[in-house]
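Right, one structure below, let's go through it.
The values are calculated or read from the model by the stated rules, or taken from the named source; none is laboratory data. Just so it is clear, the model here is predicted, and its values are computed rather than measured. Cβ sites come from the backbone with ideal geometry, for glycine too, and all protein chains shown count toward neighbours. Only protein heavy atoms, including side chains, enter the accessible area calculation; ligands, DNA and RNA are left aside. Shrake-Rupley method; radii C 1.70, N 1.55, O 1.52, S 1.80 Å.
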Amino acid sequence: MTYNRKVLANGLRVITIPMPSFESVTVLVMAGAGSRYENRKNSGISHFLEHMAFKGTNNRPTALDISSLIDGMGGEFNAFTGKETTGYYIKSAKNKMETSIDVLSDMLLNSKFDPDEIEKEKGVIIEEINLYEDMPARKIGDIYEQLLYGDTPMGWDIAGDKDIIRSITRADFLTYLGELYSASNVTVVVAGGIESEKAYSLVDKYFSPMKQFRTKTFEPIQEKQDTSAVLVKQKQTEQIHIALGIRTIPISSPKRYPLSVLSAILGGGMSSRLFHEVREKRGLAYYVRSSSDEYADAGTLVSTAGIDPNRVIEAVEVMIAEYAKVAKGAMHLTDEEVTRAKEFLKGHLVLDLEDSRSVSGFYAHQELLEDKIENPNDVIDQIDKVTKEELEAVGKEFFKEQTLNLAVIGNFPDGQKLEGLLKF
């Protein structure tokens, strides 16, 4: 798989990925704008804006006008908001590519932000926040990052605070767009059954009016931690959900590949160490998994699990014991285990990239967040190059008792007892 990259006169970056066997095409517009660019007065506006983009433009005045057009061509459309990016996409038959580019440009350049629609959508977003509150397996990641990053934009929920959502106005959206949605802070990725030159020409046609300006920057993370920490969110649940992790590296670090393989060894599938020790051997949890996640200036390796409420202490002890082996260089890795973890990562990457939507996201995130773009084969090569010595080295470097963090959701009042467990 290869890509083509061009830059419009206004600074907007265009990436095309021809996939000749595909009858579909995904057009993804991604901006370097997410919740970490917010402040206390507009927390949640990145996500709110994503909703409002589908609520009507000057050319297509209502949400029904937009949805009817996309549904009428058999398309799929959606959007997503992260801490560092926001994306909007339409996936359709390849002969509908121009319509997709037209609609997405219209949404970003000509949204009405009708005050009545804003007021109605506030209720929708508040119910979405309520939904996630009732999904602790998903919510535990938010609580964990709240523990890591505290009362900063990186520690706040992406969906925002209900009271702040209720206060957002049309003027707030226009201000936010004027701070971050510069053409030079946006990439358009077109992936699927396309011809690159035609796709580029259409993006130029519809996005060239987008203005370029200097965008605001985010507040850097101050990672200072000299003692382990616990955060318990009290909630009546049938299962206790936990996230145990350590601080690692930003996305630009070459150590991300050894950390990804190490994460897979710990909790990357049903043969991983944590899955075997926590679920298979002791029956303490239904799910247990690990991931290595990076941002522009920080990162974490974290393991999450849904635990039997009566056996939380035992489960945390087991997980800490596995972490301690990593910290002390006592994993005793075998060639077979390392190979299995690498194949797990590579296989999931290949499976993900069978879909043009995933392909567009793969390239868009790199364009906005990384120093260079790697093709899937480049990533696979980097994974293959990871050695046992590198795995031992990153384990000793980052698995430190003083930077252990444990987040918990459930009816578990004794957080002090958990703090005593965070020791190697």
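Pairing residues of segment 167-185 that are closer than 17 Å to Val29 by Cα and modelled with pLDDT of 95 or more with residues that are surrounded by fewer than 16 Cβ atoms within 10 Å (Cβ to Cβ) and of a type in the set (S, T, N, Q), at Cβ distances under 7 Å and at least 6 apart in sequence or on separate chains, gives Ser182/Gln212; Ala183/Gln212; Ser184/Gln212. When Gln146 is tested against (1) open to solvent by 30 Å² or more (accessible area, probe 1.4 Å); (2) in contact with a His (Cβ under 8 Å, 6 or more places away or on another chain), only condition (2) is not met. For segment 177-184, the count of residues that are out of contact with any helix residue (DSSP H, G or I) (no Cβ under 9 Å at 6 or more places or on another chain) and crowded, with 19+ Cβ neighbours inside 10 Å is at least one. Screening Ala393 on (1) closer than 19 Å to Thr2 by Cβ; (2) touching a residue at least 40 places away in the same chain (Cβ under 8 Å); (3) part of a helix (DSSP H, G or I) shows it passes everything except condition (1). Among the residues making up segment 383-397, those that are open to solvent by less than 60 Å² (accessible area, probe 1.4 Å) and touching a Phe, Trp or Tyr at 6+ places or on another chain (Cβ under 8 Å) are Ile383, Val386.
Counting residues in segment 260-270 that are out of contact with any strand residue (DSSP E or B) (no Cβ under 9 Å at 6 or more places or on another chain) and more than 26 Å from Gln225 (Cα to Cα) gives one or more. Among the residues of segment 192-205, is any open to solvent by 30 Å² or more (accessible area, probe 1.4 Å), under 30 Å from Tyr176 (Cα atoms) and hydrophobic (A, V, I, L, M, F, W, C)? No, because not a single residue in segment 192-205 is open to solvent by 30 Å² or more (accessible area, probe 1.4 Å), under 30 Å from Tyr176 (Cα atoms) and hydrophobic (A, V, I, L, M, F, W, C).
Could you identify the single residue in Gly155, Gly141, Gly160, Gly123 that is without any contact (Cβ under 8 Å) to a residue 60 or more places away in the chain, open to solvent by less than 60 Å² (accessible area, probe 1.4 Å) and within 22 Å of the chain's Cα centre (by Cα)? Outline the logic, then answer.
Working: Gly141 fails: without any contact (Cβ under 8 Å) to a residue 60 or more places away in the chain; Gly160 fails: without any contact (Cβ under 8 Å) to a residue 60 or more places away in the chain; Gly123 fails: within 22 Å of the chain's Cα centre (by Cα).
None of the others qualify; the one that does is Gly155.
Being open to solvent by 20 Å² or more (accessible area, probe 1.4 Å), at pLDDT 95 or above, in contact with a helix residue (DSSP H, G or I) (Cβ under 7 Å, 6 or more places away or on another chain) and not in a helix (DSSP H, G or I) is a property that does not hold for Ile380. Would you check if Leu274 is in contact (Cβ under 8 Å) with a residue 24 or more places away in the chain, open to solvent by less than 10 Å² (accessible area, probe 1.4 Å) and over 16 Å from Asn405 (Cβ atoms)? Answer is yes for this residue.
In segment 325-346, what residues are open to solvent by less than 30 Å² (accessible area, probe 1.4 Å) and in a helix (DSSP H, G or I)?
Looking only at segment 325-346, we keep the residues that are open to solvent by less than 30 Å² (accessible area, probe 1.4 Å), and these are 326-327, 329, 331, 333, 337-338, 341-342, 346.
Within segment 325-346, Val326, Ala327, Glu337, Val338, Ala341, Lys342, Lys346 qualify.
The residues of segment 286-303 that are in contact with a Gly (Cβ under 9 Å, 6 or more places away or on another chain) and at pLDDT 95 or above, listed by number, are Tyr287, Val288, Arg289, Ser290, Ser291, Ser292, Asp293, Thr300, Leu301, Val302, Ser303.
Of the residues Thr81, Thr26, Thr62, only one is among the polar types (S, T, N, Q) and open to solvent by less than 10 Å² (accessible area, probe 1.4 Å); which? Answer to the check: Thr26.
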